[in-house]
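**Student:** Below you'll find the structure I mean.
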């Protein structure tokens, strides 16, 4: 008996300019989806769950929570685009100019344009260069709620490697160069030594470190505005 492996998703190198990905599963937005999503996410705007209140607004009925719409579009794309992504780091420039109501049937296609592949794929050896894809969405059953050329920019991490990070409170910037203070043993105890560092992306409240520090270095993470190079310090 042969073993038939299931679909395991694509990686960056599998995408080709001009390819169209019609997502196989559509989804009708239900009133229950809207009410539950709003309640679960503690969205207390009554326009999403109070029919009497919504009837007195310009829309005359309950609006679908826009975060639900964004989540649905993202989820539907996973099978074809991001099953092998490590993390979705965010959405930029999301525009929501018109209302969506329950009963809308969400279904759409993705098409790769020549402008979509802005950088080469992330190296498989764990290098830090990422691949950026701009992915236009072609919606089927387009309601008046969506505009032509409306788009969402999302960031997907295809792979990750262990590395060092620094909290923003430990980093200063002077004339375009980043610095931190490292605790070193001096004649009378610990002193702070200013050290140039190379930093990458800001993830949350931490910089990724690309150079200047090594594992085991003890870094001053607070009060750096009050100390200078060679100042005595005392760990808290």
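Every number in this text was worked out from the coordinates using simple rules, so none of it is lab data. Predicted model only: the values in this text are computed from it and were never measured. Note that we place each Cβ from the backbone using ideal geometry, even for glycine, and neighbour counts take in every protein chain shown.
**Student:** By how many nm would the segment from residue 30 to residue 92 lengthen if fully extended, with 0.36 nm per residue of separation less the alpha-carbon distance? Before the final figure, lay out each step's value.
**Tutor:** Working: separation 62, 0.36 × 62 = 22.32 nm, distance 2.66 nm.
Additional length available on full extension: 19.7 nm.
**Student:** Which part of the stretch 22-47 falls in the paramagnetic zone of residue 79, meaning amide N under 19 Å from the point 7 Å along Cα-to-beta-carbon?
**Tutor:** 22-30
**Student:** For a protection proxy built on the mean count of beta-carbon atoms within 10 angstrom, sort 19-26, 79-86, 64-71 highest first, please. Before the final figure, lay out the partial values.
**Tutor:** Values: 19-26: 12.9, 79-86: 16.4, 64-71: 18.2.
Taking the mean over residues of other Cβ atoms within 10 Å, the ranking is 64-71, 79-86, 19-26.
**Student:** Students often check this: by mean Cβ neighbours within 10 Å, which of 190-201, 162-173, 49-60 ranks highest, and how do the rest follow? Walk me through the intermediate numbers first.
**Tutor:** Working: 190-201: 16.3, 162-173: 14.7, 49-60: 12.1.
In decreasing order of mean packing, 190-201, 162-173, 49-60 become 190-201, 162-173, 49-60.
**Student:** Then there's this: Label residue 61 and residue 175 with points 7 Å out from Cα along Cα→Cβ: what is the distance between them in nm?
**Tutor:** Reported label-point gap for residue 61 and residue 175 is 6.5 nm.
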